[in-house]
Every structure is written in structure tokens, then in C-alpha cells.
1. Rounded to the nearest 20 debye, what is the charge dipole size of the chain about its Cα centre when +1 sits on each Lys and Arg Cβ and -1 on each Asp and Glu Cβ?
2. Between Gln25, Gln12, Gln33, which gets the highest mean-square fluctuation from a Gaussian network model of the chain, Cα cutoff 10 Å?
3. Full-extension gain between Arg16 and Asp60, please, as 0.36 nm times their residue separation minus the C-alpha to C-alpha distance.
4. Quick one: among Glu36, Glu11, Glu48, which has the greatest mean-square fluctuation in a GNM of the chain with alpha-carbon springs under 10 angstrom?
5. I'd like to know which of Phe50, Ser38, Leu7 lies farthest towards the positive end of the charge dipole of the chain, counting +1 on Cβ of Lys and Arg and -1 on Cβ of Asp and Glu.
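What follows is calculated from the coordinates using simple rules that are stated; it is not laboratory data. Given the structure is predicted, the values throughout are model-derived calculations rather than measurements. Backbone-built Cβ (ideal geometry, glycine too); neighbour counts: all protein chains shown.
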Amino acid sequence: MNKLPDLDEHEQKVIRKHLKSVINQMIKGPIKQVKELSVKDDANFDLEFFCDIFGLPKEDIK
């Protein structure tokens, strides 16, 4: 909140709450797709590709 120094504590809390809500809405679809990918026959390839795109570790992919 450094770029909005004039906001009081309540206003900052409201902005954080709404920002969290927007982020959760944005990632809901991609997370659902990753969960669906994990049960497919060729899940390893898809999940490795996903990890490559987002720079995630691959050690938990089986």
C-alpha cells in the first residue's frame, strides 16, 4: 500500500479484501483445469508443461 499512503487502516483492509477476491476469481478456472489434468492418462506431460510455464518445481509429479 506504499503507493496509497493516504488510506487509513480500514480502507487498506477493504482494498486487500477485494484484491484477494479478484485474484481468487481469476485463478479458480486454471486451478480447476490443473486438477482435471492430474487424473488424465497423460497427466505427467500436461503437468510438467504447466510447471515449465509457471516455473514450478516438478518433484511432486508422479
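1. About 280 debye.
2. In this elastic network of the chain, the residue with the biggest mean-square fluctuation among Gln25, Gln12, Gln33 is Gln12.
3. Numbers: separation 44, 0.36 × 44 = 15.84 nm, distance 3.15 nm.
So the extension gain works out to 12.7 nm.
4. Glu11
5. Most positive-ward Cα: Leu7.
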